Amino acid sequence: MTPPTTDQRSPIAFNPGRVLVTGGGSGLGAAVVEAVLAAGGTPVVLDLDVSRVSGVKAFEVDVADRNAVEAAVREAGETLGGLDAVVTAAGIDRCGKLEEVPAEQWEKVLGVNLLGTVSTVRAALPYLLPVHGRVVTIASTLGIRAVADATAYCASKFGVVGFSHALAAETAGRIGVTTIIPGGMKTRFFDDRDEQYKPQDDSRLNDPERVAAAILFALSQPRGCEVRQMLICHEEEGSWP
């Protein structure tokens, strides 16, 4: 029996290579960084707060700033000699009724979650296309199911789903595109919310390490096989179905 090779991207012998992770300073992004390191890969982080990042290259960037993203991705790609994958885990939320959330805060959610995803992917394409790399976008269960007091977040994550599906169609056969749809996770994501919008039972929140493992699974697929979309959540997830 011929042993699997790295070129085949076998789940048995798989190195994810050079992986750029937005939001890699905490939460799901940090879990992805650890998973990439554990698999022998080289992660690089883009985040507004890199104070918790150690041992890997990191850029302090507001992903809502397209020019800053383009410069950071370019420097990351040149420093590492290319990129093999991008995971867009940066995300924020501003809860409340539409008339109560200040317009600039509402638009900031779209700027980070949707436009930040688009800017990162666009900037990374010159590095991903020559190596048939992969893009993993992070949507949400609230990208396929809407709830009250979450117009900004739902709009941004529905947008991520639509963008990712269109990108997959546009780049079919040239790069891989996977949309991850996670349920609630045990991260600092909820820390700055008003009490009424915080999870009342965190036992129903998934561990980000499990979602990170699902992302590595998507990245590990052999050439010609794609995990186009994956919904992963705690077995008692309240926001799905």
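Each reported figure results from applying straightforward, stated rules to the coordinates on display, with no laboratory input. As the structure is a prediction and not an experimental result, all values here were calculated from the model. Cβ placement follows ideal geometry from the backbone for every residue including glycine, while neighbour counts extend to all protein chains displayed.
Annotations
- Filtering the stretch 138-186 to residues that are under 16 Å from S239 (Cα atoms), surrounded by fewer than 19 Cβ atoms within 10 Å (Cβ to Cβ) and within 15 Å of the chain's Cα centre (by Cα) leaves only F158.
- Residue within the stretch 30-41 that is buried (at least 23 other Cβ atoms within 10 Å of the Cβ) and either more than 24 Å from K157 (Cβ to Cβ) or without any contact (Cβ under 8 Å) to a residue 40 or more places away in the chain (or both) present: yes
- Checking each residue in the stretch 86-128 for being closer than 10 Å to T22 by Cα and in a loop (DSSP other than H, G, I, E, B) picks out A89, A90, G91.
- Residue match in the stretch 75-84 (condition: closer than 20 Å to G183 by Cα and crowded, with 19+ Cβ neighbours inside 10 Å): no
- Restricting attention to the stretch 198-240, the residues that are under 21 Å from G17 (Cα atoms) and without any contact (Cβ under 8 Å) to a residue 40 or more places away in the chain total 4.
- The set of residues in the stretch 58-74 that are without any contact (Cβ under 8 Å) to a residue 40 or more places away in the chain, surrounded by fewer than 18 Cβ atoms within 10 Å (Cβ to Cβ) and under 20 Å from L128 (Cα atoms) comprises N67, A68, A71.
- Members of the stretch 24-35 that are of a type in the set (G, A, S) and more than 15 Å from A124 (Cβ to Cβ): G25, S26, G27, G29, A30, A31, A35
- When we screen L98, L110 for residues that are buried (at least 16 other Cβ atoms within 10 Å of the Cβ), touching a residue at least 24 places away in the same chain (Cβ under 8 Å) and closer than 20 Å to A148 by Cβ, the only hit is L110.
- Checked across the stretch 38-53, the condition of being closer than 24 Å to I181 by Cα and assigned to a helix (DSSP H, G or I) holds for at least one residue.
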